[in-house]
Each structure stands twice: as structure tokens, then as C-alpha cells.
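S.K.: Before we start, here is the structure in question, set down as C-alpha cells.
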Amino acid sequence: MTTDRRGFLTSDAHGTTVRFERTYPTTVDDLWAALTDPNRVARWLGPVHGDLRTGGAFELRMGDDVPGGDQNATGEVLACDAPHGFAVSWAFPGEPVTRVEASLRPDGDATVLVLVHSGLTLSAARGYGGGWHASLDLLDDAVAGRPVRPWDKAFEAALPAYREA
């Protein structure tokens, strides 16, 4: 099982990367559905609209469920290997385009999710560290069948771990 729920930030010539490795008490197929089925994604991250196949475009509405909102991420599905992983470009208003990758692997009666968000600035990576941390906590709620906590409270609790010391 995962020993640390925090994400790890690393930097190189291509920018800063946030990497999470979390274990969820479910099957690979169920976790894949939680990450890719629009009805299930809406429960823990926000409504997602578009074509979720390789080459398709999407819009993830993390604020109000309106097109083009200032809290919406957009991108293209760069790769998809169901139920093992996917990669998408990630464009958030006012930020350069980055990349998000997710991979899944079985671990006994559980599934390990590795989420990597790359091409970030260091300051953006700190915010995304807290944001992905909170979102993955909410994913855990959804997969476990618990009520999903409010995102803002989860983010407020997670963000201090990613602030500069």
C-alpha cells in the first residue's frame, strides 16, 4: 500500500512535475471507470464534456457547469489504453498547456493509481500539488462509497503541505 498520500514535486529542464501514487480499495476496471466515465468523474472532480477517445477534445468544468468558465480545464486526449492508463494535454485559463498522465496497476485486492502532471512552473506545481491531493482524496471518497467531501475544504487542508518552507 502507499506509504505517503502526498505528491512529490521534481524539477528539470522541462519544468516541474507533480507525481502521486495512491492505492484505492477497488478493481482496475472500477477505478478506470471512476477516472473516465463522465457520470463518475462528475462526482469527485467535475462534469466532463467532449470526446474522451484518443484525439478527442474535452472540457472539465470544475466550477460552474458552463462552457468556457474560468475554472474549466480543456485539452486533448493524447493516448488511451483502457483500463491501464491515459495521457491528456491540460490547458487552464491563464496558464501554459501542460500534460497529465494516469496509469493503473493491480495490487492484490486494490489498484494503484499513478498520476503525473508535468510541464508546470514551480509555483503552479505547488498549487496543483494541493489541488490534485484534494481531488484524489475525493476520488477515494467516491470509490469507497462515502459521501464526497467539499473540494474547497479538502484543498484548504492539503495545500499547506505544498507551500514553500
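Rule-based calculations on the coordinates, nothing more; no lab input. Since this is a predicted model, take the numbers as computed values, not measurements. All Cβ positions, glycine included, derive from the backbone under ideal geometry; neighbour counts span all protein chains shown.
S.K.: Where the only charges are on Cβ atoms (+1 Lys, Arg; -1 Asp, Glu), what is the dipole of the stretch 4-51 about its Cα centre, to the nearest 20 debye?
M.R.: Using Cβ point charges on Lys, Arg, Asp and Glu, the stretch 4-51 gives about 240 debye.
S.K.: Counting only other residues whose beta carbon sits under 9 Å from that of L9, what net charge do I get with K and R as +1, D and E as -1?
M.R.: Around L9, the charge tally is +2.
S.K.: Sticking with this structure for a sec: Can you put H84, H133 in order, fewest other beta carbons within 10 Å first?
M.R.: Going from sparsest to densest Cβ surroundings: H84, H133.
S.K.: Which whole DSSP H helices in the chain pass both tests: a Cα extent of 24 Å or more along the axis and a mean Kyte-Doolittle value no lower than -0.5?
M.R.: 122-144
S.K.: So if I place +1 on the C-beta of Lys and Arg and -1 on the C-beta of Asp and Glu, and nothing else carries charge, what would the dipole magnitude of the stretch 8-162 be about its Cα centre? I want it in debye, nearest 20.
M.R.: For this selection, approximately 180 debye.
S.K.: Could you state the per residue volume, in Å³, of the convex hull enclosing the Cα atoms of the chain?
M.R.: Spelled out: Cα convex hull of the chain, divided by residues, is 114 Å³.
S.K.: If you place +1 on the Cβ of every Lys and Arg and -1 on the Cβ of every Asp and Glu, how big does the dipole about the Cα centre of the stretch 118-165 come out, in debye to the nearest 20?
M.R.: That gives the stretch 118-165 a dipole magnitude of about 40 debye.
S.K.: Further question: Given only helices, namely DSSP H runs of n ≥ 4 each adding -39500 (n - 2.57), what is the per-residue ellipticity at 222 nm of the chain, to the nearest 500 deg cm²/dmol?
M.R.: Helix-only estimate at 222 nm: -9000 deg cm²/dmol.
S.K.: Using +1 at the C-beta of Lys and Arg and -1 at the C-beta of Asp and Glu, which of P25, V77, V41 has the Cα lying farthest in the positive direction of the dipole of the chain?
M.R.: P25
S.K.: Can you sort F155, F8 from fewest to most other Cβ atoms within 10 Å of each residue's own Cβ?
M.R.: The fewest-first ordering by Cβ neighbours comes to F8, F155.
S.K.: Still on this structure, please answer the following. Between D29, D12, D51, which gets the highest mean-square fluctuation from a Gaussian network model of the chain, Cα cutoff 10 Å?
M.R.: Between D29, D12, D51, it is D12 that shows the largest mean-square fluctuation.
S.K.: Let me ask something additional. Among G145, G68, G119, which one shows the highest mean-square fluctuation when the chain is modelled as a Gaussian network with alpha-carbon springs under 10 Å?
M.R.: Comparing G145, G68, G119 in the GNM, the peak value goes to G145.
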